[in-house]
C-alpha cells in the first residue's frame with residue numbers, strides 16, 4: 001500500500017509546478033527518507049544513496065521527470081526513478097549485465113512460498129540490522145529490489161511489478177527465492193531466531209525484515 005496519500009502527493013506536485021516552494025518541501029519530507037533507505041540498501045553506499053535522492057528531487061523540481069498520474073502514483077514512480085539511477089551507476093561502475101535466463105529460471109507464479117503473504121512480526125531486532133544489511137548486499141540485484149520494496153516499504157506486488165518492469169508472478173517468485181536465501185544466510189548468525197527453511201515452507205509464514 002502507498003506510504004503516502006496519492007491524492008495529496010498529486011496536489012502538492014501541482015502546487016510545486018506552479019512555483020509553490022512549500023509544496024516542494026512537503027514532497028521532500030514525505031519521500032526523502034523512503035527513497036534514501038531504498039537506495040542505501042540497494043547500493044550499500046550512503047554517499048551514492050544521498051546523491052540519488054538529490055538527483056531525483058532536483059529533476060522533480062526542474063520538471064524533467066515526466067510523471068503521468070494516469071499510469072500510477074507518485075511514490076511508485078519515484079521508486080522506479082531511484083531504481084533506474086542505481087542501475088545506471090552499476091552499469092558504469094561494474095559493467096552491469098542484465099539477468100540471464102539461467103538466473104531467471106523458475107521465476108514463475110508457481111515458485112512461491114506463500115501466494116498470499118500477510119504482514120507479520122519483524123524477523124530481527126534493531127541490534128541485528130547490520131547483519132541483515134550485509135545479507136541483503138549478498139543478494140543478486142533483482143532479488144534485492146523486491147525484498148527492499150516489499151519488506152521495507154510495504155509496497156504491493158502490483159506496485160513492485162510496475163517499478164521493476166516485471167510481471168506479478170515474477171515478483172512473487174523473486175520474493176520467495178530472496179527470502180529463502182536470506183533465511184539460509186541468517187540462520188548461520190541467528191540459529192535460534194531465524195526460522196528454518198523447512199519451517200517456512202510447512203507453516204507458510206513469512207517473516208518481515
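Quick note: the coordinates plus some simple rules give every number you see, no bench work behind them. This structure is a prediction, so every number in the text was calculated from the model and none was measured. Counting neighbours? That spans all protein chains shown, and the Cβs are built from the backbone with ideal geometry, glycine included.
Arranged from fewest to most other beta-carbon atoms within 10 Å of their beta carbon, 85, 175 become 85, 175.
Per-residue Cβ neighbour counts within 10 Å put 51, 145 in the sequence 51, 145, beginning with the fewest. Spatial offset of the stretch 64-84 relative to the stretch 7-23 amounts to 15 Å, using the alpha carbon center of each. Modelled spin-label separation between residue 152 and residue 46, with each label point placed 7 Å from Cα along the Cα-to-Cβ direction: 1.5 nm.
In terms of its Cα atoms, the stretch 6-94 spans 40, 24, 20 Å along the principal axes, sorted from long to short. Between residue 7 and residue 64, the C-beta separation translates, for a Förster distance of 22 Å, into a calculated FRET efficiency of about 0.40. Our estimate of slack between residue 29 and residue 17, defined as 0.36 nm per intervening residue step minus the Cα-Cα distance, is 2.6 nm.
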